[in-house]
Amino acid sequence: MNIDEAITSRRSVRAFTDQPVEKEKIDHILQISQRAPSGTNTQPWYTYVCAGEVRDGICNDVCDLFDQGKASKYEDFDYYPPIWEDKHRKRRQGVGWGLYGLLGIEKGDRAGSARQAKRNFKLFDAPVGLFFTTDAYLGRGSWLDMGLYIQTIMLAARGQGLHTCPQAAWISFQDPIYKHLNIPKDQVLVCGMALGYEDTSAIENTLVSEREDKDHIVSYHGF
């Protein structure tokens, strides 16, 4: 698979099979992803990989918190803004209702929306979960580096025939993650990620999120 194919075939997969992922494949993905760029080679990333009982423990504990309505707010962690501007809100709504439409969840169906939201915390049935952290004292430049690293992992996963779903949703339920993975308190959670083999029979995996026309966001000068 060439790099163009890896980029264009990468999607946020929201339904996985229960086929185990070989540890050797995960090792390979993480080894080559160490070549991801970072400002002045700081490499500000930590990756926690979980499967089996540890994965299930995290999922079960977070699902319990979800059922109890004990979610933290994204803005509590300076992660997402409390109010989105129109252009970003419309894009969020577009992909959200695109997914819900495929699943037959109509506007106002709170039970259906909650049921699908909870799927995040089961890793969409993926057998492997990854959680990414960085040192708490670092700033926005290092978070940029984290994005470069995480994207590299997703593309490397495609090279191994695997799919991923990066998940900000875990930000709202961090305590079980820190507990089960023994994450030091001087690290902050950046996101989680589901990793596994795509369930090609799942209708939610037919979703293709729209992208803005390149000409609307790119500005050339001096050409």
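The values are calculated or read from the model by the stated rules, or taken from the named source; none is laboratory data. Given the structure is predicted, the values throughout are model-derived calculations rather than measurements. Backbone-built Cβ (ideal geometry, glycine too); neighbour counts: all protein chains shown.
Things to note:
- Annotation note: of GLU198, GLU210, the sole residue that is farther than 25 Å from SER72 by Cβ, of a type outside the set (Val, Ile, Thr) and crowded, with 17+ Cβ neighbours inside 10 Å is GLU198.
- Some residue of segment 48-56 being closer than 25 Å to GLY159 by Cβ, aliphatic (A, V, I, L, M) and either modelled with pLDDT of 95 or more or touching a His at 6+ places or on another chain (Cβ under 6 Å) (or both): yes
- When segment 184-213 is filtered for residues that are of a type in the set (Val, Ile, Thr) and over 22 Å from GLY94 (Cβ atoms), the ones remaining, listed by number, are VAL188, VAL190, THR200.
- The one condition in (1) part of a loop (DSSP other than H, G, I, E, B); (2) under 29 Å from ASP61 (Cβ atoms); (3) at pLDDT below 95 that GLY108 fails to fulfil: (2)
- Unmet requirement for CYS50, which otherwise passes all of (1) touching a residue at least 12 places away in the same chain (Cβ under 8 Å); (2) farther than 22 Å from PRO127 by Cβ; (3) surrounded by 14 or more Cβ atoms within 10 Å (Cβ to Cβ): (2)
- Among residues of segment 1-49, those that are part of a loop (DSSP other than H, G, I, E, B), within 25 Å of PRO184 (Cα to Cα) and of a type in the set (Val, Ile, Thr), counted: 1
- So GLY192, is it out of contact with any strand residue (DSSP E or B) (no Cβ under 9 Å at 6 or more places or on another chain) and not charged (D, E, K, R): no
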